[in-house]
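What follows is a single structure, written as structure tokens, with notes after it.
The values are calculated or read from the model by the stated rules, or taken from the named source; none is laboratory data. All figures in this text were calculated on a predicted structure; none of them were measured in a lab. Glycine gets a Cβ as well: all are built from the backbone with ideal geometry, and neighbour counts include every protein chain shown. The protein model used for the area step is the full one, side chains on, heavy atoms only, and it has no ligands, DNA or RNA in it. Shrake-Rupley method; radii C 1.70, N 1.55, O 1.52, S 1.80 Å.
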Amino acid sequence: MGRRPARCYRYCKNKPYIKSRYLRGVPDPKIRIYEVGNKLAPHELFPLCIHLVSGEYEQLSSEALEAARIVVNKYMTKMAGKEGFHLRMRCHPYHVLRINKMLSCAGADRLQTGMRHAFGKPQGLTARVNIGQIILSVRSKDSNRAHVIEAMRRCKFKFPGRQNIVESRNWGFTDLSRDEYIRYRDQGRLINQGVFCKVKNFRGPLKADSILRAD
């Protein structure tokens with residue numbers, strides 16, 4: 001018996017059911033890579049950040065997440081180059097799906113017991129997303145804005161329900177708005193942390209690189 005279509009598991013009807021020492025024999029998720037592109041690009045390189053935001057409370061299968069990742073990766077690699085963007089999948093499939101396998105051959109009614117012991121066996125994995133939750137994010141240069149939006153539009157076809165493409169006010173994946181980032185950068189207050197950055201506060205000892213030290 002093959003895999004059931006995702007429409008059978010679209011809605012969040014039950015409690016989260018995750019892999020544990022009590023629930024064994026769970027198949028691996030289809031999606032294994034959650035970040036593609038220029039993952040090590042410093043935060044100042046990619047100021048643009050665009051999100052794909054869920055508009056429904058639903059379940060997204062690991063197969064759909066993998067299909068969306070492939071679509072965005074292929075289109076952005078073609079249009080911006082593999083070093084011209086950074087894609088991050090923001091939701092992970094932890095919820096285990098169950099299937100009560102039924103025989104469909106001739107004489108099946110003699111062999112199986114119908115609804116007796118109907119608690120199913122693990123079949124696949126999904127991610128449970130809420131309204132307003134970010135599904136995936138892409139950061140890139142401002143010149144690639146149209147390409148990122150088109151890649152997001154294409155990956156929406158891989159998901160059920162409604163999704164919205166939202167352009168972030170922040171600089172890349174940092175938690176600073178563009179105006180704040182530029183102001184702190186000009187003041188020399190940013191501490192590099194790779195994809196992210198921290199802002200120097202006014203606490204701590206006066207050092208040679210302190211912005212409070214008067215020369």
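A full extension of the chain between residue 44 and residue 178 corresponds to an added length of 47.2 nm, given 0.36 nm per residue minus the alpha carbon distance. Between residue 58 and 129, the built amide H atoms are under 5 Å apart, and every one of these is 5 or more places off in sequence or on another chain. In units of the rule-of-thumb radius 2.2 N^0.38 Å, the chain shows an alpha carbon radius of gyration of 1.36.
Note on residue 142 and residue 203: with the Förster distance fixed at 41 Å, the Cβ-Cβ geometry gives a FRET efficiency of about 0.75. A simple spin-label model places pseudo-atoms 7 Å from Cα toward Cβ; at residue 169 and residue 100 they are separated by 5.0 nm.
Charge tally for residue 2 (other residues, Cβ to Cβ under 14 Å; Lys, Arg +1; Asp, Glu -1): +2. The stretch between residue 35 and residue 18 holds 3.8 nm of extra length on full extension. This uses 0.36 nm per residue minus the Cα-Cα distance.
Computed in the context of the full set of protein chains, the accessible area of the chain at 1.4 Å probe radius has 51% of its extent on carbon or sulfur. With 26 Å as the limit, the listed pairs 13/156; 78/141; 13/101; 82/200 have 82/200 beyond it between alpha carbons. Relative to the longest principal axis of the Cα atoms of the chain, the long axis of helix 62-80 makes an angle of roughly 40 degrees. Working value for the range 1-103: equivalent-ellipsoid semi-axes of 32, 14, 14 Å, each the square root of 5 times a Cα gyration tensor eigenvalue, largest first. Here the sum of -39500 (n - 2.57) over DSSP H runs of 4 or more residues, divided by the residues of the chain, equals -6000 deg cm²/dmol at 222 nm, to the nearest 500. Against the chain, whose longest principal axis comes from its Cα atoms, helix 178-187 is set at around 40 degrees. The angle between the Cα long axis of helix 145-155 and the longest principal axis of the Cα atoms of the chain comes to about 10 degrees, rounded to the nearest 10.
Placing a pseudo-label 7 Å from each Cα along the Cα-to-Cβ vector at residue 189 and residue 133 gives an inter-label distance of 3.5 nm.
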